[in-house]
Structure formats: C-alpha cells, structure tokens
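The values are calculated or read from the model by the stated rules, or taken from the named source; none is laboratory data. All figures in this text were calculated on a predicted structure; none of them were measured in a lab. Don't worry about glycine lacking a Cβ; one is built from the backbone with ideal geometry, like all the others, and counts go over all protein chains shown. When the accessible area is computed, the model is the full protein with side chains, heavy atoms only, and any ligands, DNA or RNA have been set aside. Shrake-Rupley method; radii C 1.70, N 1.55, O 1.52, S 1.80 Å.
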Amino acid sequence: MAGEVRVVRERLVARTCAWCGEEVPYAGTGRPPAYCGAAHRTRAYELRRAQARAERPVGEGGRTREPVTQVVERTETVVRTVVRTEQERVPATRLSGEPYTLPEDAIEWAQALAHLRQAAEQGSLPDLASEPLARACEAAARALRTR
Ligand SMILES: [Zn+2]
C-alpha cells in the first residue's frame, strides 16, 4: 500500500526582544532569550518594579488614582476713590462760647430733631422757646412735604 508520511518539525531559531523588538537569534540550547541583552532586561525589570510600586496603596508609597486638583487662593483688592465736596457750614457759637455747626445729612438732622423732641418731652426746654420752636418745626415740615 503506497503511502506518504509527512513529518513536520519546528525549531525555534529566533525571538524578538521584549523591550526593543529586535530579533535575537536562538542557538537551540537552554532557555530562549527574552531580551537582546542585559540592558534591556534591566530596563524591563525596573519598569515592572515601578509599576508594582505604583499599584500599592497610597499609604504604602503607591500612586493615587484621584485626578490632580488645584487649590487656588484668590485675593481681590478694591480701591475705592471717594470724592467729598466740603459743604458750606454755618458757623455759630453756643451760649457757652463753644462753636457748633448744623447737622450735615438727613441722619444727623433726624438725630437732632429726636433730641429736640426728647428735650420737649422731658420739659428741659425753656417755656418761652416752645412756641417759636414748634412754629419753626412746622415750617420745616411744610417745606419738606411740598418739595
Ligand atoms: Zn532589546
């Protein structure tokens, strides 16, 4: 009976370096080379070590998986320029000889009038002054309301 026997043999003759990809011949004895030389074997070892170190927990020297964040301190300086126009003051002299001026704004006027009312309620104003003061206040109130 005629026949054919085919025998196929394979033999490793070269392998590429796991670091640089260069072809490394294999003589056929011993363990096949994984790298073209000691330098690339060392680099691959260092990389594996670094990756293992990075994968350890952060507390043991590993690398965080959190994204990088920034803490920004913001300082804002506002320079405000105020222009004040000197109001014309009405100089006057108190009975004691001390100079005084009129209230400068609405708040000071309201405070001065509140003091006047308090003095009237406490009876600390001279009786003769009551009527002229009341008329002056009424005239001022009329002027304020007709503005
Ligand atoms: Zn190599």
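Identify the GluC sites (Glu not before Pro) of segment 33-67 meeting these criteria: DSSP loop state and at most 15 other C-beta atoms within 10 Å of the C-beta.
Details: sites: GLU46, GLU55, GLU60; in loops: GLU55.
Qualifying residues, ordered by number: GLU55.
What GluC sites (Glu not before Pro) in segment 62-147 are in a loop by DSSP, with at most 11 other Cβ atoms within 10 Å of the Cβ? Display every interim value, and only then the final one.
Values: sites: GLU73, GLU76, GLU86, GLU88, GLU104, GLU108, GLU121, GLU138; in loops: GLU73, GLU76, GLU86, GLU88, GLU104.
Loop-located and lightly packed - GLU73, GLU76, GLU86, GLU88, GLU104.
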Helix 38-54: inclination vs the chain longest Cα principal axis, degrees, rounded to 10, gives 40
Those trypsin sites (Lys or Arg not before Pro) from segment 19-128 that are DSSP loop and have at most 14 other Cβ neighbours within 10 Å turn out to be ARG63, ARG65, ARG74, ARG80, ARG84, ARG89, ARG94
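Find the relative contact order for segment 45-147 and round it to a whole percent, using C-alpha pairs within less than 8 Å whose residues are 6+ positions apart. Provide the component values of the computation, followed by the final result.
Numbers: 31 pairs, mean separation 8.5, N = 103.
So the answer I get is 8 percent.
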Result for segment 13-147: accessible area per residue, probe 1.4 angstrom, in square angstrom, of 94
Cα extents of the chain per principal axis, largest first, Å, are 154, 44, 32
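Give me the percent of the accessible area of the chain that comes from carbon and sulfur atoms, probe 1.4 Å, all protein chains in place. Mind dumping the intermediate values first?
Values: 7480 of 14370 Å².
Using a 1.4 Å probe with all protein chains present, the chain comes out at 52 percent carbon and sulfur.
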Summed over the other residues with a beta carbon less than 12 angstrom from that of ALA54, with K and R at +1 and D and E at -1, the charge totals +4
Quarter of the surface of the C-alpha convex hull for segment 100-145, i.e. direction-averaged projected area in nm², equals 3.7
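Rounded to the nearest 500 deg cm²/dmol, what is the calculated helix-only ellipticity per residue at 222 nm for the chain, with -39500 (n - 2.57) per DSSP H run of length n ≥ 4? Could the numbers behind the result be given before it?
Values: 3 runs with 53 residues, N = 147.
Computed mean residue ellipticity for the chain: -12000 deg cm²/dmol.
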